[in-house]
Amino acid sequence: MYILTCDNYDGKKETSKALLARAIDIYNMDVGIAMDKSGAELVETIVTSENGKPSIPGWMEFSISDSEGYWAILIADVPCGFDIQLTRPCKLDRIALKYFADEDNMLIVEEGESAFWRIWARREAAIKAVGATVLNRIPAVGGETVELNGQEFFLYDVEPLGVPENCYGAMCLPVEAGEIHYFRM
C-alpha cells in the first residue's frame, strides 16, 4: 500500500491527471513493475464505474483526494477509499447534522472540532471505497470498521507526508491494512 502526496496542487483537473501519472510511475518503479505503458498512457485509459469510482483496467486500485492545495493518492491491491481534509472555517454543526450518523455526531459533541474533521475524512474515505456520493447516508465511521453494501470495511487514520498538522487523513479498506509506504512528490 502506498500513499503519495504533493503540497502545491493548483486544483486543476489536468494537474491531477499529471500527478496521477507521476504517482503511477513512482509506484511501478518502486515495486519493480515493468509496464508496457507509462503513467501518462495509463491515465488515458481511466474508466469510471456506474457509481463514479475511477479505475485503470489491469492496474492497481487507487483513491485520490485533495484539500486546500494538497493532493494525495492511496494505491492498493484491493478496493480502497482515501481522503484528506485540511481544517477551514465552515458550518460544522450544519454539515454534521445533515450528513453524519448520530453516533458520529455524539463523538463530535464529546471530543470537539477535531472529531468533526476526523469523521469527515473517514466518511469520505468510506464513500470512495464503494463509489458512493457524499450525499449518501452511511453508518457511523468513528469506530474501527463500517459495514457498507453488506461488506465490512476497516477504517484508519493516516498522516500523509508533507501536509500540515491541521490535516486529517483517512483510508477505508475491505481488509486490514498492511505496510504503508509514504512518498512526497
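The values are calculated or read from the model by the stated rules, or taken from the named source; none is laboratory data. These numbers were taken from a predicted model, which means no experiment stands behind them. Note that each Cβ is placed from the backbone with ideal geometry, even for glycine, and that neighbours are counted across all protein chains shown. For the accessible areas, the whole protein counts, side chains as well, though only heavy atoms, and no ligand, DNA or RNA atoms are used. Shrake-Rupley method; radii C 1.70, N 1.55, O 1.52, S 1.80 Å.
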Neighbours by Cβ (under 9 Å, 6+ apart or cross-chain): first from the range 41-68, on the phi < 0 side of the Ramachandran plot and among the polar types (S, T, N, Q); second exposed (fewer than 12 other Cβ atoms within 10 Å of the Cβ) and assigned to a loop (DSSP other than H, G, I, E, B): THR45/PRO57; THR45/GLY58; ASN51/THR133; SER55/SER49; SER67/ARG88
Those residues of the range 31-67 which are touching a Pro at 6+ places or on another chain (Cβ under 6 Å) and among the hydrophobic types (A, V, I, L, M, F, W, C), in sequence order: ILE46
Hits in the range 40-51 - residues which are modelled with pLDDT under 95 and either open to solvent by less than 50 Å² (accessible area, probe 1.4 Å) or more than 18 Å from the chain's Cα centre (by Cα) (or both): GLU50
Residue selected from the range 76-95 under the condition over 20 Å from LEU173 (Cβ atoms) and not hydrophobic (A, V, I, L, M, F, W, C), by the criterion least open to solvent (accessible area, probe 1.4 Å): THR87
Residue match in the range 81-88 (condition: charged (D, E, K, R) and under 11 Å from the mean Cα position of the chain (by Cα)): yes
Odd one out for PRO79, checked against (1) touching a strand residue (DSSP E or B) at 6+ places or on another chain (Cβ under 8 Å); (2) more than 17 Å from TYR2 (Cα to Cα); (3) in a loop (DSSP other than H, G, I, E, B): (2)
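Just checking, which of MET185, MET171 is closer than 20 Å to SER67 by Cβ, touching a residue at least 60 places away in the same chain (Cβ under 8 Å) and open to solvent by less than 10 Å² (accessible area, probe 1.4 Å)?
Values: MET185 fails: open to solvent by less than 10 Å² (accessible area, probe 1.4 Å).
Just one listed residue meets the conditions, MET171.
Take GLU124 and decide whether it is acidic (Asp, Glu) and free of Cβ contacts under 8 Å to residues at least 40 places away in the same chain.
Details: acidic (Asp, Glu): yes; free of Cβ contacts under 8 Å to residues at least 40 places away in the same chain: no.
No: the conditions fail for GLU124.
Only one residue in LYS98, LYS37 is open to solvent by 70 Å² or more (accessible area, probe 1.4 Å), part of a loop (DSSP other than H, G, I, E, B) and among the basic types (Lys, Arg), so which one is that?
On the way: LYS98 fails: part of a loop (DSSP other than H, G, I, E, B).
Going through LYS98, LYS37 in turn, just one is open to solvent by 70 Å² or more (accessible area, probe 1.4 Å), part of a loop (DSSP other than H, G, I, E, B) and among the basic types (Lys, Arg): LYS37.
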